[in-house]
Amino acid sequence: MLTQLLTQQMEKAFAALNYNTDYAAVGLSARPDLCQFQCNGAMPLAKLLHKAPIAISREIVQSLLALPESAEIFESAEAVNPGFINLNLKDSFLAKHINALAMSENLFVQKLNIPKKVILDYGGPNIAKPLHIGHLRTAIIGEALKRLFRYLGYEVLGDIHTGDWGLQMGMIISEVQRTQPDLPYFDPDFCGEYPAEPPFTLDDLSEIYPRVSAAIKETDEIGSPTENAKAMETAAKEATYALQNGVTGHRALWQHIVKLSVADLKANYQRLLVDFDLWYGESDSHDSIPIVLDMLKQKNALMESDGAIIADVSEESDKKEVPPIILVKSDGSYLYGTTDLATLYNREKEFHPDEVLYVVDARQALHFTQVFRAAKKYGIVPEKISLEFVGFGTMNGKDGRPFKTREGGILRLADLIAMVVDNAAGKIQNKEDINAAEVAEMVGISVLKFADLSNYRMKDYVFDLEKFSAFEGKTGPYLLYSIVRIKNILRKLAEESSQPGELLPAVSSVERELQLKLDGFSDVLWQAAKDKAPNYLCEYLYELSTLMNSFYHNHHIITEESAERKASWHRLLNVVLRTLTTGLEILAIPVPDKM
RNA sequence: GUGUGCAUAGCUCAGCUGGAUAGAGCGUCUGGCUACGGACCAGAAGGUCGAGGGUUCGAAUCCUUUUGCACACGCCA
């Protein structure tokens, strides 16, 4: 915000000298010991004009200081070798600005000026399978990006895109058929109403899938599938085929499965403060697959290769040939590229989004390159739509391999959360006015989320429970603790009926730095949105907390004697609190009142 | 084999458009509780930014060569 204001001021100074104002950008200082803001534009100008950079920067400073507003704004503006322009604000100007920021509704965060609609594809759980550790990062990162874009004024639709249509559904249906063959769903002559209640419970479902999955993989001594395994697989494939081709009993049973499973998914995501606007799944794109295939056929895009149907997506500029996308397998069934294309078709038809973002595992990069190219090349979505792959790295165990349970199995998300929350529960102080269970939940979630979000998303990272659960240092609990401290003071101020008042110029360097930091919120949010990088926001919130704790240590608010000063600090605390809680709200990290 | 990504302090990681003396946390060492909650604060030590070359006034950042690691490479999702 200040950087923009200062850039505008600098542009005037550049313009007065007939210098290209593109170089007038003012940014935060890389050397806080020397100045608060800096402009480096003199150096590229020097190259262009074949003049000494220091001479140009001196001219610019002179021109800047000659502007009428400058007397009020700048404490100092100086040209230093080789050609930097160092700027410091008057404390009075800074205080006035932060006072206005504190009084504003929006914390001076710029909103998007042209409306834009974004669909965010994240989550991607499978129906009838429990959420596991592989679903953690897409949920956490996707939710943060959804809230970030929404806060900046985008219209955002979060779509969970469940896997509700593949072989795993056939596996469950065929197993129900095997164990309960007399159910009406399997009677081809049945024409009444199917039962309203499902013939299984959620627990049954979560037990069926792993059992069938294991049975199908069963092999004899020489490593070939057993007779039973073959039979189970055939049955599952037949059930899948029946489901996808609209056999009414299978569809009815499938709906029971989806309904039970979705309710369970909602509850689990709720615990992570994750929710979705659209609960579409692969099944919703099923009817569009023939349409999409027909569109491709019209464009002569479909080719036969070894019995499969493929479409070329290569481009001349490719260093390595991008392989064609396979749309129909040689056995006639579809692949996930097919459903992804059909889903895009549906999204365009129903919502006309400006952007579609896919928050998915980095290992799927090539697949999405193929899908995006096919979608644009063959006119399934308009050329102008932005399709972006927002990949993320793997969460590994201490051995550097993807995280597993001690037994080597896949860790359930619920178990992971329980581990973190239990650990937090052991550290909650015993106080009568604290609901220990609630606080442990919030602290545990903050540990998990902050650790994940503060890493740059593309990188793999090691999940180290002990490290993440330590409350010292750059962690979620540190942020929460900082907030709780502020809330305590504000409570005390309210008890003695103190009121916030005009924010005064800083009395110390910590207070000055704190004021400056508050102004950076808008820039950080926009930068994070541009790079889809929530870690920028994490970093900012941590720095703000650090400054706040340092300020807390150096200045005692409650006992401050000057009424004006006390009122000023009251307002400062208010705006620090708002900034921190807004930031954590965007990251979907919960904040307790006490801890 | 080909392609993509990564390599920064003892450990785990930031580093945004190429800017000045590369920053945090943990760990180590030192100091601070008669004040709003010590899950805190102040300070110290710790670096050839994997290696070589190039572009530039200026490179962790851009280009190139090279080493190591991860991942991906038509009928799983």
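The values are calculated or read from the model by the stated rules, or taken from the named source; none is laboratory data. Quantities reported herein were computed from a predicted structural model and do not represent experimental measurements. Every residue, glycine among them, receives a Cβ derived from its backbone with ideal geometry; neighbour counts consider all protein chains shown. Please note that ligands, DNA and RNA were not included when accessible areas were found on the heavy atoms of the full protein model with its side chains. Shrake-Rupley method; radii C 1.70, N 1.55, O 1.52, S 1.80 Å.
Within the set of pairs 6 or more residues apart or between chains, which connect a residue that is within 18 Å of A:Pro477 (Cα to Cα) and free of Cβ contacts under 8 Å to residues at least 40 places away in the same chain inside segment A:527-547 to a residue that is open to solvent by 40 Å² or more (accessible area, probe 1.4 Å) and more than 8 Å from RNA strand B (Cβ to nearest atom) with Cβ atoms less than 9 Å apart?
Close Cβ pairs satisfying both conditions: A:Glu543/A:Lys517; A:Leu544/A:Lys517; A:Leu547/A:Glu513; A:Leu547/A:Lys517.
Read through the list (1) near RNA strand B (Cβ under 9 Å from one of its atoms); (2) open to solvent by 70 Å² or more (accessible area, probe 1.4 Å); (3) out of contact with any Ser or Thr (no Cβ under 6 Å at 6 or more places or on another chain), then give the number of the only condition that A:Ile434 fails.
Every listed condition holds for A:Ile434 apart from (2).
How many residues are within 14 Å of RNA strand B (Cβ to nearest atom), of a type in the set (Lys, Arg) and surrounded by 14 or more Cβ atoms within 10 Å (Cβ to Cβ) if we restrict to segment A:378-419?
Number satisfying all stated conditions: 1.
Just need a number here: residues in segment A:324-348 that are farther than 26 Å from A:Leu120 by Cα and not in a strand (DSSP E or B). Before you say what the answer is, go through the steps one by one.
Kept after step one, since they are farther than 26 Å from A:Leu120 by Cα, are these residues of segment A:324-348: A:328-333.
Narrowing the set further to residues that are not in a strand (DSSP E or B) leaves A:329-333.
The qualifying residues number 5.
Pick from A:Gln36, A:Gln62, A:Gln4: which is under 32 Å from the mean Cα position of the chain (by Cα) and open to solvent by 60 Å² or more (accessible area, probe 1.4 Å)?
Testing whether each residue is under 32 Å from the mean Cα position of the chain (by Cα) and open to solvent by 60 Å² or more (accessible area, probe 1.4 Å) leaves just A:Gln4.
Could you check segment A:559-571 and list, in sequence order, the residues that are touching a helix residue (DSSP H, G or I) at 6+ places or on another chain (Cβ under 7 Å) and either in a helix (DSSP H, G or I) or modelled with pLDDT of 95 or more (or both)?
A:His570, A:Arg571
Give the residues of segment A:567-576 that are surrounded by 19 or more Cβ atoms within 10 Å (Cβ to Cβ) and either within 15 Å of RNA strand B (Cβ to nearest atom) or farther than 16 Å from A:Gln499 by Cβ (or both), sorted by residue number.
A:Ala567, A:Ser568, A:Trp569, A:His570, A:Arg571, A:Leu572, A:Leu573, A:Val576
Can you tell me which residue is least open to solvent (accessible area, probe 1.4 Å) among those in segment A:70-115 that are assigned to a strand (DSSP E or B) and charged (D, E, K, R)?
Among those residues, the one meeting the criterion is A:Glu78.
Can you tell me which residue among A:Ile73, A:Ile54, A:Ile60 is under 20 Å from A:Pro505 (Cβ atoms), in contact with a strand residue (DSSP E or B) (Cβ under 7 Å, 6 or more places away or on another chain) and among the hydrophobic types (A, V, I, L, M, F, W, C)?
Going through A:Ile73, A:Ile54, A:Ile60 in turn, the sole match is A:Ile73.
Which numbered condition trips up A:Glu585, out of (1) in contact with a helix residue (DSSP H, G or I) (Cβ under 6 Å, 6 or more places away or on another chain); (2) open to solvent by 50 Å² or more (accessible area, probe 1.4 Å); (3) at pLDDT 95 or above; (4) of a type outside the set (Val, Ile, Thr)?
In the conditions (1) in contact with a helix residue (DSSP H, G or I) (Cβ under 6 Å, 6 or more places away or on another chain); (2) open to solvent by 50 Å² or more (accessible area, probe 1.4 Å); (3) at pLDDT 95 or above; (4) of a type outside the set (Val, Ile, Thr), A:Glu585 misses (1) alone.
Report whether or not A:Asp182 is touching a Gly at 6+ places or on another chain (Cβ under 9 Å), surrounded by fewer than 17 Cβ atoms within 10 Å (Cβ to Cβ) and not in a helix (DSSP H, G or I).
Criteria not met by A:Asp182.
Just one of (1) within 11 Å of RNA strand B (Cβ to nearest atom); (2) more than 16 Å from the chain's Cα centre (by Cα); (3) open to solvent by 40 Å² or more (accessible area, probe 1.4 Å) trips up A:Met548, so point out which.
Of (1) within 11 Å of RNA strand B (Cβ to nearest atom); (2) more than 16 Å from the chain's Cα centre (by Cα); (3) open to solvent by 40 Å² or more (accessible area, probe 1.4 Å), only one is false for A:Met548: (3).
Criterion first (farther than 26 Å from A:Lys96 by Cβ and in contact with a helix residue (DSSP H, G or I) (Cβ under 9 Å, 6 or more places away or on another chain)) does A:Met595 satisfy it?
yes
Take segment A:403-422 and flag every residue that is more than 23 Å from A:Ala470 (Cβ to Cβ) and either part of a loop (DSSP other than H, G, I, E, B) or at pLDDT below 75 (or both).
A:Glu407, A:Gly408, A:Gly409, A:Ile410
Would you mind stating whether A:Leu205 is among the aliphatic types (A, V, I, L, M), in contact (Cβ under 8 Å) with a residue 40 or more places away in the chain and not in a helix (DSSP H, G or I)?
No.
Test A:Tyr481 against the criterion of being of a type in the set (Phe, Trp, Tyr), surrounded by 15 or more Cβ atoms within 10 Å (Cβ to Cβ), more than 23 Å from A:Pro130 (Cβ to Cβ) and within 8 Å of RNA strand B (Cβ to nearest atom), and give yes or no.
yes
Only one residue in A:Leu335, A:Leu302, A:Leu341 is open to solvent by 30 Å² or more (accessible area, probe 1.4 Å), within 28 Å of A:Thr394 (Cβ to Cβ), of a type in the set (A, V, I, L, M, F, W, C) and within 13 Å of RNA strand B (Cβ to nearest atom), so which one is that?
That would be A:Leu335, the only listed residue that is open to solvent by 30 Å² or more (accessible area, probe 1.4 Å), within 28 Å of A:Thr394 (Cβ to Cβ), of a type in the set (A, V, I, L, M, F, W, C) and within 13 Å of RNA strand B (Cβ to nearest atom).
Search segment A:298-319 for residues that are in contact (Cβ under 8 Å) with a residue 12 or more places away in the chain and pair each with any residue that is part of a loop (DSSP other than H, G, I, E, B) and of a type in the set (Ser, Thr, Tyr) when their beta-carbon atoms are under 6 Å apart and the residues are at least 6 apart or on different chains.
Correct list of pairs: A:Lys299/A:Tyr378; A:Ala301/A:Tyr378; A:Gly307/A:Ser330; A:Ala308/A:Ser330.
Look through A:Ala424, A:Ala375 and report the one residue that is over 22 Å from the mean Cα position of the chain (by Cα), surrounded by 19 or more Cβ atoms within 10 Å (Cβ to Cβ) and more than 16 Å from RNA strand B (Cβ to nearest atom).
A:Ala375
Does A:Ala494 count as surrounded by fewer than 17 Cβ atoms within 10 Å (Cβ to Cβ) and assigned to a helix (DSSP H, G or I)?
Yes; evaluated as a whole, the condition is true for this residue.
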